[in-house]
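The values are calculated or read from the model by the stated rules, or taken from the named source; none is laboratory data. These numbers were taken from a predicted model, which means no experiment stands behind them. Backbone-built Cβ (ideal geometry, glycine too); neighbour counts: all protein chains shown. Surface areas here come from the heavy atoms of the whole protein model, side chains and all, with no ligands, DNA or RNA. Shrake-Rupley method; radii C 1.70, N 1.55, O 1.52, S 1.80 Å.
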Amino acid sequence: MSVMIDFRNVWKQYQKPAWALSDVSFSIAAGEMCFITGPSGSGKSTILRLVTRECAPNDGQILVGGTEIRRIPGPKIYLLRRAMGVVFQDFRLLHERRVFDNVAVPLRVLGLPEKDIKRKVFIALRMVGLHHRIWNTPSELSYGEQQRVAIARAVVNNPRLLLADEPTGNLDPDLASEIMSLFREINRQGTTVVICTHDRDIVRKFAGRVLPLREGRLREREPA
Ligand code: ADP
């Protein structure tokens, strides 16, 4: 079984004296769906930022798809990021652009022909159940729909890895469940999914592997 994400004794400090992460080690297999849980400030987003190499650890090793990402030269980091999709709590959609253009962003960066862009955008929007909204702008959609557009954008290029940072933080419990079902479906289609959340209800409802963080340290799973 291949390993998608491997943290080995990772330490991360933004400012002295506090450590955002202290000696964190875990691995997530390719094809797994996994939650990183913990209260605000426990280090969840830091783990995601390290995986995307937005920041670097003070110590330890981080491997993504078997490659130690510290060794990737700066001009090649886009290749690492291209293999990932990221979903945020605040959606980060372009509000003056239509749904189509929002989902097309990662494909436009790749310079794909317009015909391929149209096909891939349509497939991604159909997967999240929003193909009928393709010509709307995000402000014409509900919060739940906006998050589904953000998810379509994250998966439109078939990433091997989908990272989500508090993806249900702005949604009521019913919409949150819908979004979680969508992540599970994406995972069933073969994408490794890592979801950071402080929402214990979501994790309880969607039984799966949990990596619990407390003050930058990873604890063994608490007994149910
Ligand atoms: P979470 O995602 O669980 O809320 P974070 O990873 O954002 O936690 O933060 C972990 C710790 O690192 C917190 O104490 C936070 O204040 C600190 N931190 C995060 N980002 C920065 C930053 N850019 N500069 C300084 N401290 C930061």
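Points to keep in mind about this one:
- Count, lysine Cα pairs under 24 Å in the chain, 8 or more residues apart or across chains: 4
- Unit charges at the beta carbon, dipole of the chain: most positive-side option, GLN61, LEU211, PHE91: GLN61
- The charge dipole of the chain, taken about its Cα centre with unit charges on the Cβ atoms of Lys, Arg (+1), Asp and Glu (-1) only, comes to about 680 debye.
- Accessible area per residue, Å², region 88-224 with all protein chains present, probe 1.4 Å: 53
- Whole-Hz ³J(HN,Hα) from phi, Karplus 6.51 cos²θ - 1.76 cosθ + 1.60, for region 72-78, glycine and proline x: 6, x, x, x, 9, 5, 4
- Dipole of region 78-224, positive end: most advanced residue of TRP135, CYS196, ALA152 [Cβ charges, Cα centre]: ALA152
- In terms of the mean number of neighbouring beta-carbon atoms within 10 Å, the peptides 84-94, 158-168 order highest first as 158-168, 84-94.
- The value of relative contact order for the chain, using C-alpha pairs under 8 Å at least six residues apart, is 30 percent.
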